[in-house]
Every structure is written in structure tokens, then in C-alpha cells.
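Peer 1: Below are the C-alpha cells for one structure; questions will follow.
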Amino acid sequence: MQLIIQNLSKTYANGVQALKDVTLTINQGMFGLLGPNGAGKSSLMRTISTLQEADSGSIMLGEINVLTQKEEVRKILGYLPQEFGVYPKIDAVTLLDHLAVLKGISNKGERKALVEALLNKTNLWQARNKNLGGYSGGMKQRFGIAQALIANPKLIIVDEPTAGLDPAERNRFLNLLSEIGENTIVILSTHIVEDVKELCTDMAIINKGEVLYKGSPLDAIAELQGKVWSKRISKAELEDYRKNFNMISERLIAGRPEITVLSDSQPDSTFEKIQADLENVYFSHVFGATEKVVA
Ligand code: ADP
């Protein structure tokens with residue numbers, strides 16, 4: 001099954017154009033949707049999840065027209081929103097059982113087996129009788145995945161799932177997602193480059209509602225190989241370098257800026273060539289040359 005998004009646009013009532021002619025084909029496996037805050041990721045995720053309307057364009061999930069056959073989509077969709085609220089005074093078993101009833105699984109034995117399997121899969125078995133209010137951030141996110149998996153979905157959407165997780169929880173969560181991605185479409189929306197680098201076979205970068213790159217992370221990195229240059233400079237020089245070079249990032253190391261520049265050849269002998277990585281790809285698209293010329 002494929003998710004095919006074509007020419008999708010959305011402008012909110014306040015005039016913000018959150019999606020501009022978005023066209024993407026998403027296959028089974030983990031797909032990373034990468035973009036800074038305000039890029040339009042949630043707008044796109046909510047539209048695919050049938051929670052809001054688009055102004056124009058189309059979304060097909062296999063044979064299902066997502067924009068018109070909402071009930072059909074909901075039957076095979078697992079959605080983990082950015083703010084996933086839980087009922088704090090209920091334990092995981094009770095809530096999963098209840099949600100399974102709502103999803104139409106009426107056989108008690110079937111529900112019990114399903115709830116047990118989900119708790120095991122998400123590594124929450126030990127904490128199954130604990131109230132959800134006492135869960136850590138990572139446990140809540142894993143519970144979110146457990147509930148998203150109830151109906152054996154064909155499409156799973158997770159919106160900024162790793163924000164606020166500590167490194168161990170984040171790893172555990174991402175491993176769980178990649179396991180699921182083996183036979184499902186999983187869309188991981190995030191502003192964290194590392195999440196995409198580690199897991200996704202395919203990705204898109206969006207900013208200001210527009211798709212700036214689509215393809216595999218590895219191809220994106222390969223395109224930049226040999227073109228990324230780095231140099232330590234003084235703070236006083238920063239303005240000049242910003243003006244005169246195609247700078248894609250700057251960071252302070254022990255109080256001194258280290259800048260990264262994109263150039264087909266060595267800008268001058270003081271620059272050192274560095275291995276391109278996905279962060280360079282991301283910055284080159286999001287803060288790329290075209291924007292700098294305008295600035
Ligand atoms: P992201 O998820 O990438 O942070 P969003 O889709 O939430 O991006 O937001 C894209 C743009 O649309 C932002 O400028 C945001 O302020 C605006 N926006 C999001 N939701 C609404 C809304 N319901 N009404 C008006 N503007 C919105």
C-alpha cells in the first residue's frame with residue numbers, strides 16, 4: 001500500500017498558508033517528515049489523519065480517498081498526536097481494553113489477548129497495573145503507540161514523538177517504531193535530524209508549507225559529499241562570512257564560532273573539507289542559499 005499526496009494546499013482563516021502544493025509518495029516503512037517548528041508538519045499530519053480539511057489537492061491511501069472516505073481511513077489509521085493526553089487515574093490494561101471496545105473488538109477473550117500483546121510489544125507489561133498519571137514521558141509515548149496499534153493499522157502517524165524524552169527512552173521508542181515499520185507505513189514527523197538519520201529509509205524536508213527535498217537520507221547526504229567546508233573564525237568575522245559565503249550553519253565551540261559552508265570547491269585554503277551528514281542536508285535546505293540572498 002502507498003500513500004499518495006498530490007498538490008495539497010491549506011490556508012488557515014488567519015491567512016497563514018500552512019501547506020503549499022505538497023506532493024509526496026510514501027511507501028511502506030519509516031518515512032521521516034523533517035522540518036522546523038511552524039513548517040506545516042502537524043497541518044499535514046492532521047489532514048492525512050482526517051482531522052482537518054485541505055483547500056485543494058488529493059490524498060489516496062491505496063484505493064481509499066482520504067479526503068472523502070474518512071471513516072474508511074480511520075479504520076486503518078493509528079495516530080499519535082503531539083500532545084498525547086492520558087487519563088491519569090486509569091491503568092494501562094483498563095484503558096487499552098476500553099479503547100479496544102470503542103474500536104469494535106467485542107469479544108472479551110480476543111481483547112485480553114490483544115491488550116497483553118500490545119503491552120508486551122511496547123515494553124509496558126511490568127507497569128500494566130500502574131495508573132497512567134505515574135508514567136514517565138517515554139512510557140506515555142509507548143502507551144500512545146500501544147493504543148495506536150489496537151486496530152492493526154496500515155498507516156501510523158507519529159507527530160514529534162521524541163521531544164522531551166531522555167536518550168534511553170528515545171532509543172527504546174524509536175526501536176519500537178522501526179519494528180512496526182516493517183509492514184506498515186509509519187510517518188515520523190520531527191524537527192530532530194537524528195531521529196530521521198537513524199531510522200528512515202525515505203524522507204522529506206518541509207519548510208513554510210513547501211516540500212524542499214524528497215528522497216532517501218543517504219542520497220541526500222551523497223549529493224553534498226565533497227561540498228561541505230568548515231572553519232573556525234572569530235566572532236568579529238561572523239557578519240562578513242555570513243554575507244560572503246553560502247553558510248549553512250554556525251555553532252559556538254568553546255566560545256568561538258565554527259562555521260559550515262556549502263561550496264563546489266574549496267572556498268579558500270583556510271577551509272577544511274568535512275564529511276557531509278544529514279544535518280548539513282537539513283540546514284542547506286532550510287537555511288539555503290536562496291533565503292540568504294534575500295536576507
Ligand atoms: P509544525 O507542525 O511544522 O510546527 P504547523 O502545521 O503546526 O507546523 O503550523 C504551520 C503554520 O500554520 C504555522 O505558522 C502555524 O502558526 C500555523 N497554524 C497551525 N495551526 C493553525 C490554526 N489552527 N490556525 C491558524 N494557524 C495555524
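Peer 1: Quick one: is L3 of a type outside the set (K, R) and either touching a helix residue (DSSP H, G or I) at 6+ places or on another chain (Cβ under 8 Å) or open to solvent by less than 10 Å² (accessible area, probe 1.4 Å) (or both)? Talk me through it step by step, then tell me what you get.
Peer 2: Details: of a type outside the set (K, R): yes; either touching a helix residue (DSSP H, G or I) at 6+ places or on another chain (Cβ under 8 Å) or open to solvent by less than 10 Å² (accessible area, probe 1.4 Å) (or both): yes.
So L3 fits the description; yes.
Peer 1: Any chance you could count how many residues in the range 213-251 are in contact (Cβ under 8 Å) with a residue 60 or more places away in the chain and in a strand (DSSP E or B)? Before you say what the answer is, go through the steps one by one.
Peer 2: Filtering the range 213-251 down to residues in contact (Cβ under 8 Å) with a residue 60 or more places away in the chain leaves 213-214, 217, 220-221, 224.
Imposing the further condition that a residue be in a strand (DSSP E or B) reduces the set to 213-214.
Qualifying residue count for the region: 2.
Peer 1: Just the residues that are away from the ligand (no atom under 12 Å from the Cβ), closer than 16 Å to R74 by Cα and out of contact with any Lys or Arg (no Cβ under 7 Å at 6 or more places or on another chain), please, taken from the range 49-58. If you could, list the steps in order and put the result at the bottom.
Peer 2: First pass over the range 49-58, keeping only residues away from the ligand (no atom under 12 Å from the Cβ): 49-50, 54-58.
From what is left, the residues that are closer than 16 Å to R74 by Cα are 49-50.
Correct list: S49 only.
Peer 1: Looking only at helices (runs of 4 or more DSSP H) that lie completely in the range 44-154, which have at least 3 residues being buried (at least 20 other Cβ atoms within 10 Å of the Cβ) and assigned by TED's automatic domain parsing to the domain that holds R170? Working first, answer last.
Peer 2: Values: elements: 70-75, 92-102, 108-121, 137-148.
The qualifying helices (runs of 4 or more DSSP H) are 92-102, 108-121, 137-148.
Peer 1: From the set of residues in the range 8-21 that are open to solvent by less than 80 Å² (accessible area, probe 1.4 Å) and either at pLDDT below 95 or of a type in the set (S, T, N, Q) (or both), which is farthest from the ligand (Cβ to nearest atom)? Let's see the steps before the verdict.
Peer 2: Our first condition is that a residue be open to solvent by less than 80 Å² (accessible area, probe 1.4 Å); within the range 8-21, this holds for 8-12, 15-16, 18-20.
Still in the running and either at pLDDT below 95 or of a type in the set (S, T, N, Q) (or both): 9, 11.
On the way: S9: 12, T11: 9 Å.
Of everything passing the filter in the range 8-21, S9 is farthest from the ligand (Cβ to nearest atom).
Peer 1: Among the numbered criteria (1) modelled with pLDDT under 90; (2) surrounded by 13 or more Cβ atoms within 10 Å (Cβ to Cβ), which one does I259 miss?
Peer 2: (1) is the only condition that I259 fails.
Peer 1: Being away from the ligand (no atom under 11 Å from the Cβ) and either closer than 18 Å to Y282 by Cβ or in a helix (DSSP H, G or I) (or both) narrows it down to one of L33, L24, so name that one.
Peer 2: Working: L33 fails: away from the ligand (no atom under 11 Å from the Cβ).
Residue meeting the stated conditions: L24.
Peer 1: Taking S216 as the residue in question, decide whether it is among the polar types (S, T, N, Q) and within 27 Å of M30 (Cα to Cα). Full working, then the answer.
Peer 2: Values: among the polar types (S, T, N, Q): yes; within 27 Å of M30 (Cα to Cα): yes.
Yes.
Peer 1: Quick check on this structure: which one of G29, G40 is modelled with pLDDT under 95, assigned by TED's automatic domain parsing to the domain that holds I180 and of a type outside the set (S, T, Y)? Quick ask: steps written out before the conclusion?
Peer 2: Working: G40 fails: modelled with pLDDT under 95.
Checking each option against the conditions leaves just G29.
Peer 1: Let me ask something else. Looking for something of a type in the set (A, V, I, L, M) and within 30 Å of D202 (Cβ to Cβ) - is there at least one such residue anywhere in the range 235-246?
Peer 2: Residues of the range 235-246 of a type in the set (A, V, I, L, M): 236, 238.
Subsequent filtering for residues that are within 30 Å of D202 (Cβ to Cβ) retains none.
Scanning the range 235-246, I find no residue that is of a type in the set (A, V, I, L, M) and within 30 Å of D202 (Cβ to Cβ), so the answer is no.
The values are calculated or read from the model by the stated rules, or taken from the named source; none is laboratory data. Everything quoted here is computed from the prediction, not taken from an experiment. Every residue, glycine as well, gets a Cβ built from its backbone with ideal geometry; the counts of neighbours run over all protein chains shown. To get the accessible areas, we keep the full protein, side chains included, count just its heavy atoms, and leave off ligands, DNA and RNA. Shrake-Rupley method; radii C 1.70, N 1.55, O 1.52, S 1.80 Å.
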